[in-house]
Amino acid sequence: MSIFAQDCSEQPKAVRELIVHAEETKRKADLFKPVSLLILGMGASYYAGLYATVYANESGFNCRCEELSEVLWYWDEKNFDLYDTIALVSQSGETVELRKLIEKYPKIRKKSILVTNNQSSSVAKALSQDRVFLIHAGQERAMGSTKTFVNSILTLLLITSRWVGRPLSFEGLDEHLEYALELEIRDYVESVAANGQLVLVGRGFSVPILRMAQLTLAEVARLNSSWYSGGGFRHGAMELLIGGATATLVHLEGRTERVVGKMLKDLSDLERVWAITNVREDSKRTIQLKSGLPEELAAIPIIVVFQKLADELAQKRGYPSGVGMIATKVTSEE
């Protein structure tokens, strides 16, 4: 088992550990009463923030998520005045862009919280402990976020659920992750490996998951892929399928279940269209997840499928799974 696969296998345990500490996270969240939230992060932390933003926005809460590096270089300091709370997300708490942001704009510290796996980081020490929210993911060894990505999502959801007044239970999520870890995806791996062009399509909560999938496939399998929202895919990008790309559509129970199902039906005659779904009677080429999770959580187990895909593709392509060859686990250079 690769070190990346080992990290993947520990995700259900990490979720259970987070649930053990959920009351402390809620207690800290209740210390703040924001009406507007800005989430900043890089890579997996940024995508976790995008996931929480979908949840916040559908709850009627003013929330925006931006990539930290772009904010560092292309924002005016006055833009921070639009938000009364800023969530800085970094599993290490030492990301170079995060440290530079705190140094460049020291005034934002008084309204920032840190979501991190490292309570001893320099940024954690720059804030009061009530502003540091641990994700309780444990040690992550491999290049490619797994446990820290999932637990960052859940920590942000716990925090925002307190602020929007919508209780959210994580009960059963660990079992859904375990189910996904046991899925047999050999045919899917072979389909992607034989083609080399992969297009990922989803809606709502699945879009940030697909963006993370794109990063995971790049980091671990050194495979380039592209992602589209379901609506964006309809607006012309579907022509990629005529060019021979393999497409993976995420079809989940929820508000866009019908419209994604219609897209799958429209594309059913194409040989390289796959569905990852918790809906029965779907595409001919289907990876079937368990049903039963609320829509706010149902997209999370999907990342496990792409982690497995990345790990197996890395081995087929002769790359060390979870070992950086150019990039590093903690980014120290912009």
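What follows is calculated from the coordinates using simple rules that are stated; it is not laboratory data. Since we're looking at a predicted model, the values are computed, not measured. Reconstructed Cβ throughout: ideal geometry from the backbone, glycine too, with neighbour counts over all protein chains shown.
With Cα atoms as the point set, the radius of gyration and Dmax of the stretch 85-187 evaluate to 16.0, 53 Å.
The fraction of all Cα pairs in the stretch 127-206 landing in successive 5 Å bins from 0 to the largest distance is 3, 10, 12, 18, 21, 15, 10, 6, 4, 2, 0, given as whole percents. Charging the Cβ of each Asp and Glu at -1 and of each Lys and Arg at +1, and nothing else, the dipole of the stretch 107-254 about its Cα centre rounds to 1220 debye. Taking max minus min of the alpha-carbon positions on each principal axis, the stretch 174-267 gives extents of 32, 31, 22 Å, largest first. Note on the stretch 97-235: dipole from Cβ charges, positive end direction compared against Val207, Ile108, Val150; the farthest Cα belongs to Ile108. Across the stretch 3-164, the mean sequence separation of Cα contacts (distance under 8 Å, 6 or more residues apart), normalised by length, yields a relative contact order of 33 percent. Normalised by the number of residues in the chain, the mean separation of alpha-carbon contacts (under 8 Å, six or more apart) gives a relative contact order of 21 percent.
In whole percents, the pair-distance distribution calculated for the chain from its alpha-carbon pairs, binned every 20 Å from zero, is 33, 58, 9. The value for the stretch 3-164 of Rg(Cα) / (2.2 N^0.38 Å) is 0.97. Think of each Lys and Arg Cβ as +1 and each Asp and Glu Cβ as -1; about the Cα centre, that makes the dipole of the stretch 172-320 roughly 460 debye. Karplus-derived 3J(HN,Hα) values for the stretch 223-240, using 6.51 cos²θ - 1.76 cosθ + 1.60 with θ = phi - 60°, are 10, 7, 9, 9, 10, 9, 5, x, x, x, 5, 5, 7, x, 5, 4, 5, 4 Hz; glycine and proline are entered as x. Cβ crowding within 10 Å ranks Cys63, Cys8 as Cys63, Cys8, fewest other Cβ atoms first.
Each of Glu190, Glu103 was scored by other Cβ atoms within 10 Å of its Cβ. Listed from fewest to most, they are Glu103, Glu190. Each Lys and Arg Cβ is given +1 and each Asp and Glu Cβ -1; about its Cα centre, the chain then shows a dipole of about 560 debye. For Ala275, the amide hydrogen comes within under 5 Å of the amide hydrogens of Leu249, Arg285, Thr286, Ile287, counting only partners 5 or more places away or on other chains and with H modelled in the peptide plane. A Cα-only calculation for the stretch 232-286 places Rg and Dmax at 10.7, 31 Å. Shape analysis of the stretch 203-334 based on the Cα gyration tensor places the equivalent ellipsoid semi-axes at 27, 17, 14 Å, largest first. By the count of neighbouring beta-carbon atoms within 10 Å, fewest first, Arg258, Arg162 end up ordered Arg258, Arg162. Taking the Cβ-Cβ separation of Ser268 and Arg16 as r and a Förster radius of 41 Å, what is the calculated FRET efficiency to the nearest 0.05? So, using R0 = 41 Å, E works out to roughly 0.60.
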